[in-house]
1. I'd like the full set of residues that are basic (Lys, Arg) and in a loop (DSSP other than H, G, I, E, B), limited to the range B:104-125.
2. Out of everything in the range B:26-48 that is hydroxyl-bearing (Ser, Thr, Tyr) and in a helix (DSSP H, G or I), what residue ends up being surrounded by the fewest Cβ atoms within 10 Å (Cβ to Cβ)?
3. Would you confirm whether any residue within the range B:299-307 is aromatic (Phe, Trp, Tyr) and either on the phi > 0 side of the Ramachandran plot or not in a helix (DSSP H, G or I) (or both)?
4. Tell me the helices (runs of 4 or more DSSP H) entirely within the range A:26-101 that contain at least 1 residues that are more than 14 Å from chain B (Cβ to nearest Cβ), out of contact with any Leu (no Cβ under 6 Å at 6 or more places or on another chain) and basic (Lys, Arg).
5. Condition first: assigned to a strand (DSSP E or B) and either touching an Asp or Glu at 6+ places or on another chain (Cβ under 7 Å) or at pLDDT below 80 (or both). Now tell me which residues in the range B:74-98 satisfy that.
6. For the range B:264-302, what are the residues that are among the polar types (S, T, N, Q) and within 19 Å of B:ASP244 (Cβ to Cβ)?
7. I'd like to know if the range B:51-63 contains one or more residues that are part of a helix (DSSP H, G or I), within 27 Å of the chain's Cα centre (by Cα) and over 22 Å from B:LEU133 (Cα atoms).
8. Would you be able to tell me the number of residues in the range B:384-410 that are of a type outside the set (Phe, Trp, Tyr) and within 13 Å of B:LEU424 (Cβ to Cβ)?
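The values are calculated or read from the model by the stated rules, or taken from the named source; none is laboratory data. Since this is a predicted model, take the numbers as computed values, not measurements. Positions of Cβ are generated from backbone atoms using ideal geometry, with glycine treated the same way; all protein chains shown enter the neighbour counts.
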Amino acid sequence: MKSSTEIVMLLAGLLFVLGVAGVIIRKNIIFMLLSVEVMLNASGLAFVAAGSRWAQPDGQVMFIFILAMAAAEVSIGLALILQIYHQHKSLDIDKLKEMKG
Amino acid sequence: MNNLLWLVPVLPFAGFLILALAGKHISRVWVAIIGAGSVSLSAILVLIIGISFLSHPPATGYYSQTLWTWMQVADFNPNITLFLDALSLVFIFVITFIGALIHIYSAGFMASDKDYSRFFACMNLFVFSMLLLVLADNLLLLYLGWEGVGLCSYLLIGFWYENPVNGYAARKAFIITRIGDTAMAIGLFVIFYQFGTLAIPDILTKAPVLWQQGASIATITALLLLAGGVGKSAQLPLQTWLPDAMAGPSPVSALIHAATMVTAGVYLIARMHIIFQLSPIAQMIVAVIGAATLFIAGFSALTQYDIKRVLAYSTISQIGYMFLALGVGAWAAAIFHFMIHAFFKALLFLAAGAVIEALHHEHNMFKMGGLKNKLPVIFWTFLIGSASLAALPLISAGFYSKDQILWYAWASEGGNPLLWFIALLGAFITAIYTTRMMVLVFWGEAKTEIGHHPGKLMTVPLIVLAFFSLFAGFIELPHNFGHFTLFSDLLHQVLPETVLKAGMNNELQFQLLALLSTFGGIYVAYVFYYKQPQRIEKLKQSRFVMNLYLFWFSGWGFDKLYNTLIVRPIVFIANVNKNDVVDKLYQGVTFVTVSLYQSLSFTQSGSLRWYIMGLVIGAIIILSMQIML
């Protein structure tokens, strides 16, 4: 029987991978933003679990930081998405690329 | 009167400055008066100084006048000092006196040229540079004059610059003499390194103390100085510039060949004679170069059809005699021949210039002829000059100087029979080509009508020079014939006496042989060019003779040799380097950078997905490396 910390870490890792996969696979920018949020929360979960494992407050402090940052990120991200939609009338990430390499 | 010495070079320089700065605003008459007058004044001044020098010889044997210190760097402090002794007295006399006559002649000769003032400005600068060269008290000042002479030769050979051929000849003269000058500059460095001074009297007193007889450093120094002399004096192997230097106006040729420039090498060797005496090998090389040059140039002169080129090769040949004399230790004889040669060669060039101008700028001797009665003054003066060049016995000055050299080539300590034989052969050839030139130009039937007769300005200098070509020889008579040694007594104040081998007292036989070679040469030319000209045609049918003729005509193929050995490889390298070979290295650096950037630029696709993939893969690689290591 593994300790609960390890299980929570595995869950956090799984969520992170899900988020990465979402960013890569999704076409719609809003869903990509959502996936990034999932990744942020996965790492937050890992911090909290690690904090409780060592009985230190640092992990929760870090999570508060991540929450604040995520809020800022979402507000800016949504504003950008609105602008992109106004200009291109599309939210498809593949149609938005302009560089030819 | 000696303290007026500084005026001698300053007068021509002042003439140059006035003509160069304000020449365009002065009338032609005044240009001629300033140009010829400045040199004439210094010639008169030299006469006065010479008389006072000879009547009251300074106790030390020389007179020096320090004008100012040129520069002062640590213990290197060359002065602007003029140095007058018997040797430089002879040289300044010849330079100013003949220079003045040439200037007066030029006033008539160049009368219709549009660049009258430029011509006289350059000529004055030429005379000034040469005076500086021979009056210099230290080798640095001498080098200044030396380079000045080179510059003026460039300016005057390319005087008619509209014709690209003349520009080419000027550049050739400048570059080839520059080779010798470079060697000479290195020689000066060696001398300064060894003695810590460039002052000529100091060097000459220190050299025998510091260097042993036959020391290799003496040989090296002597050879470096010799290379400078060889370049300026158009000796083997740097003689190729002189025949082409005929591109300039005739007075320029006269000035280069008689009074200035080509005699600089003779002066340098005579002036530095102590260094050459310390190295018997170097002195032997001087003699061999002289002998080889007089031989080669004599044969080339035999085949030329351009009257000025004949004279050019004869100059090379006569200076070969001077080098031969210097090499065998007959110092005074070399200077004597220099002076006599200056008289008759100036005369010959000026007379040839008059002939060329009278015949509408015709240089080809085969298109001349029959001028004997049409241009009597030119004919008689030219005849006298030719007699002196061919060393016609007893009556011409050239005989006395050349006979002395022939005698010393065998009899002096440095002489040997081979050198003597070559010199005798050279005298024979000289007589042939001189007679050939005389016959072709003045006898036979007229082939070109004469345009206009030369004026007084041109004929008077010719007559004066003819007088000296005849009578200047009498100041130095052979031992068995009068034994009158005014000239060599004067020079022996500076130059050592020639040491004869033991038991040499049969000078008369040598004089008879020299006499025979002169008359033999005259007779041969008389037969081939006057009596039976068809013999020449017959000879020309032979392939061998024709090839030999072409070989000699091209100056023994030296131009071709240098073209293949030096000019063409350099042109080839220059062509290869046209696209800047060194730059290829830096182009390679940019090429690598550009190609790296191009090969990586496809990753900048703008596809967010790929960027994230890249991030993830990178993270995975870094993590896995951390786990594994």
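1. Within the range B:104-125, B:LYS114 is the sole residue that qualifies.
2. Quick first cut of the range B:26-48, residues hydroxyl-bearing (Ser, Thr, Tyr) only: B:27, B:38, B:40, B:42.
Cutting the leftovers down to in a helix (DSSP H, G or I) gives us B:38, B:40, B:42.
Details: B:SER38: 27, B:SER40: 19, B:SER42: 30.
Of everything passing the filter in the range B:26-48, B:SER40 is surrounded by the fewest Cβ atoms within 10 Å (Cβ to Cβ).
3. From the range B:299-307, those aromatic (Phe, Trp, Tyr) are B:299, B:305; that's our starting set.
The next check asks that each one be either on the phi > 0 side of the Ramachandran plot or not in a helix (DSSP H, G or I) (or both); those that pass are B:305.
Checked against the condition, which is being aromatic (Phe, Trp, Tyr) and either on the phi > 0 side of the Ramachandran plot or not in a helix (DSSP H, G or I) (or both), the range B:299-307 yields at least one hit.
4. Here the list reads A:29-53.
5. Going residue by residue through the range B:74-98, those that are assigned to a strand (DSSP E or B) are B:76, B:79-84.
Matches in the range B:74-98: B:PHE76, B:ASN79, B:THR81, B:LEU82, B:PHE83.
6. So the first thing to find is which residues in the range B:264-302 are among the polar types (S, T, N, Q), and the list is B:277, B:279, B:283, B:293, B:300.
Matches in the range B:264-302: B:THR293, B:SER300.
7. Taking the range B:51-63 as the starting set, the residues that turn out to be part of a helix (DSSP H, G or I) are B:51-55.
Applying the additional criterion that residues be within 27 Å of the chain's Cα centre (by Cα) yields none.
No; the residues of the range B:51-63 include none that is part of a helix (DSSP H, G or I), within 27 Å of the chain's Cα centre (by Cα) and over 22 Å from B:LEU133 (Cα atoms).
8. If we filter the range B:384-410 for residues that are of a type outside the set (Phe, Trp, Tyr), which is where we start, we get B:384-398, B:401-406, B:409.
From what's left, within 13 Å of B:LEU424 (Cβ to Cβ): B:391, B:402-403, B:405-406, B:409.
Of the residues in that region, 6 qualify.
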